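Report on the structure given below.
The values are calculated or read from the model by the stated rules, or taken from the named source; none is laboratory data. As the structure is a prediction and not an experimental result, all values here were calculated from the model. So basically every Cβ, Gly included, is an ideal-geometry build from the backbone, and we count neighbours across all protein chains shown. Surface accessibility is based on the protein's heavy atoms, side chains included, excluding ligands, DNA and RNA. Shrake-Rupley method; radii C 1.70, N 1.55, O 1.52, S 1.80 Å.
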Amino acid sequence: MSESLDKTTSPSSASSRATPPGAEDPDEGHDVSDTFYTSQRKKGSHVFRVRLDATGFTLQRESPGGSIVKEQHVRISDIVGARCMRPKKSRRLAMSGACACSSGNPNSPAISASGDHHRTANTPSKCSTNSRENLPSDAGDASAFLYVFAYVLKKRSLRSELHRERTVLTLRFRSFDTFEDNMREADRWYRSLRWQLHRTLEEIFVAPTADERRRRVLVLLNPKSGSGDAREVFNMHVTPVLNEAEVPYDLYVTKHSNFAIEFLSTRCLDAWCCVVAVGGDGLFHEIVNGLLQRQDWAHVLPHLALGIIPCGSGNGLARSIAHCYNEPYFSKPVLGAALTVISGRSSPMDVVRVQLQSRSLYSFLSIGWGLISDVDIESERIRLLGYQRFTVWTLYRLVNLRTYNGRISYLLTDHQVSSTQSATGYAAQRRMQNSRSCNTHIDRLNGPAPNYHSSAEYLPQEFADVISLETSINQSFRSRCDSWLSGGSRRSFYYSISESIYHSLADESEFAGLSAAALENRQQNYGPASELPDLDEPLPEDQGWLVEEGEFVMMHAVYQTHLGIDCHFAPKAQLNDGTIYLILIRAGISRPQLLSFLYNMSSGTHLPEAHNDHVKVLPVRAFRLEPHDNHGIITVDGERVEFGPLQAEVLPGIARVMVPK
Ligand SMILES: Nc1ncnc2c1ncn2[C@@H]1O[C@H](COP(=O)(O)OP(=O)(O)OP(=O)(O)O)[C@@H](O)[C@H]1O
């Protein structure tokens, strides 16, 4: 076992670019490579060439003759971060904050156990040069460890869905005689990896100072969302990922409805690069509206990415983002969302301005009138049934089907206007006369469609596992007695590597520091100027407004692919396509047809290829709804709003959402 290993175990040959102890590395941030070994009692030992470059880690297993017998790759896009640590005996010390790397983030993330606001300012640097030098060396083992955390795509079986699985690549450095020298070498790899990871970050996620590297994340958590376990979900499944990625964050737990609106409309947000909702679509709705109640919205929105960790009952946005980027969702939705939050990528997202009679608001998901809104709101009374309440109430509503009388005017998207004009046209649509254009800003703001990529490639089964390798000192090869530290990863064993300092804010100090004017103006909406006439004014008549009028079962306007995790309502929607998908069902549809429509919503096969007498799918830029009845339910992003006329216009790409790598 040791014969072949001994040939290449001198410090000079074992590390192709080893830095002499104490010397500065002039090539920091460039590729690194080295020779490592594994040793297993049953399988024997193996020599690996390990290389880290812009694509990730490449591990090549060499035969005793020096040829490559196997190669595996851990993609840089699957890697979230790394840690340098001491050997196992000193691990407790390391985990208590004495990690010995030299490039840690002084603002390490908070770990929330309870309380309202957990801020990590003043957290001691866990990886400073001083801390490294002050650490007592382990008398028995001079090794240093580098743990690389990755979440690779895997398939359990041919039939099962892709999912992400945590993998830890463990590199053990022991080419030098002293722990300090080995740690310096491990740290060189660590810094190289951090450099590779940070170079792919979009600008808004990068801190202005080099020692911080990542800007802070603002987390707003609704403890009441969904089944009420958002706090636990965050602690168990999100904090570990943020820690592994060394993403600093500040956590605020919402205290009441509208907390997020008040917070985001009044606070200085300069410290944060993104806002993450840990909750449902209702909390995200508050975040969007809070930001658009700021006078400086035009400055803030482009520099603040929005994210969501799905803990609500609907979770339409989280599902839509995952769907648009072919990211697996069902097996581990929270993990996928947490990885999205640390990805350092964002995409523009459309927001829709909704004008009601008494106020205006912003929406990112949907506007509904009729059947689906009825079911959504009325089934609240049987909430005890959980998700089944929707099925039960849908059946009830089918039996007792209601129809609503009204008029829906709409402006098709530019693309649709040309195709519609050449087509036969819709039976009931009428062109209005003598009007003016009212959507000039829509084209102006419209940005390019996001780049979608497929995540169909995934690491082969045998590689998506715990990988533990080590360098060795020259005199003898020691078996990797403590390289199995990472074995716990398969059982999703997470630990924190950072110290945290918690601060709680008392209720009364929540908005301390606000000026009186800021408080007074809290409900004022800003955002781009509307291009539509006032709601009580007639629509212009010669600029392409079309009309549908009569009895409807429902109207639902949607701008994300999914309304909920299993409601694939607008399959063609994209995050930033400047399009509202207006779906109309007219009275007269048969119950079996309606049942089929509702049943097929989960697979996204409910919409007809072409318009039929009862169901229409209209890609529009703006619309106006004028109910002729004086009763009914209207929802915006799943929340009930005042009943009556409304109009909506899309504001293409004015928000940014975090998206998977
Ligand atoms: N601390 C709180 N106590 C009570 N209500 C809150 C609190 N924080 C936020 N809310 C309100 O709870 C509403 C719903 O929250 P959220 O969207 O997070 O969960 P959900 O309704 O279960 O999920 P979904 O919207 O996806 O169906 C929000 O509109 C918000 O106004």
In order over the range 236-251: 3J(HN,Hα) from phi, Karplus 6.51/-1.76/1.60, θ = phi - 60°, whole Hz, x for each Gly or Pro, gives 7, 10, 9, 3, x, 5, 4, 5, 4, 8, 6, 9, x, 9, 10, 10
Karplus ³J(HN,Hα) for the range 308-321 (6.51 cos²θ - 1.76 cosθ + 1.60, θ = phi - 60°; Hz, whole; x = Gly/Pro) runs 9, 9, x, 10, x, 8, x, 6, x, 5, 4, 5, 5, 4
Highest mean packing first, using Cβ neighbours within 10 angstrom, the peptides 342-351, 282-291, 263-272 sort as 282-291, 342-351, 263-272
With DSSP loop assignment and no more than 15 other C-beta atoms within 10 Å, the chymotrypsin sites (Phe, Trp or Tyr not before Pro) in the range 290-358 are F330
For I654, the residues 5 or more places away or on another chain with a placed amide H closer than 5 Å to its own amide H are M349, V351
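Net charge within 13 Å of Y559 by Cβ-Cβ distance, Lys/Arg positive one each and Asp/Glu negative one each, not counting Y559 itself?
After counting each charged neighbour, the total is -2.
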Check: C-alpha center the range 197-242 vs C-alpha center the range 57-73, spacing in Å is 37
Highest mean packing first, using Cβ neighbours within 10 angstrom, the peptides 164-172, 234-242, 190-198, 64-72 sort as 164-172, 234-242, 190-198, 64-72
In whole Hz, the Karplus estimates of ³J(HN,Hα) for the range 529-546 (6.51, -1.76, 1.60; θ = phi - 60°; x where Gly or Pro) are 4, 6, 9, 8, x, 4, 4, 8, 9, x, 6, x, 9, 10, 10, x, 5, 10
Rounded to the nearest 0.05, FRET efficiency between L398 and S227 (Cβ-Cβ, R0 30 Å) equals 0.65
Ordering 620-626, 585-591 by per-residue average of other C-beta atoms within 10 angstrom, highest first, gives 620-626, 585-591
Here the net charge surrounding L535, from other residues whose Cβ is less than 15 Å away from its Cβ (Lys, Arg +1; Asp, Glu -1), is -3
With every protein chain kept in place and a 1.4 Å probe, the residues E203, E649 fall, from largest accessible area down, as E203, E649
With a 18 Å threshold on alpha-carbon distance, the violating pairs from K154/K572; K155/K332; K154/K332; K572/K616 are K154/K572
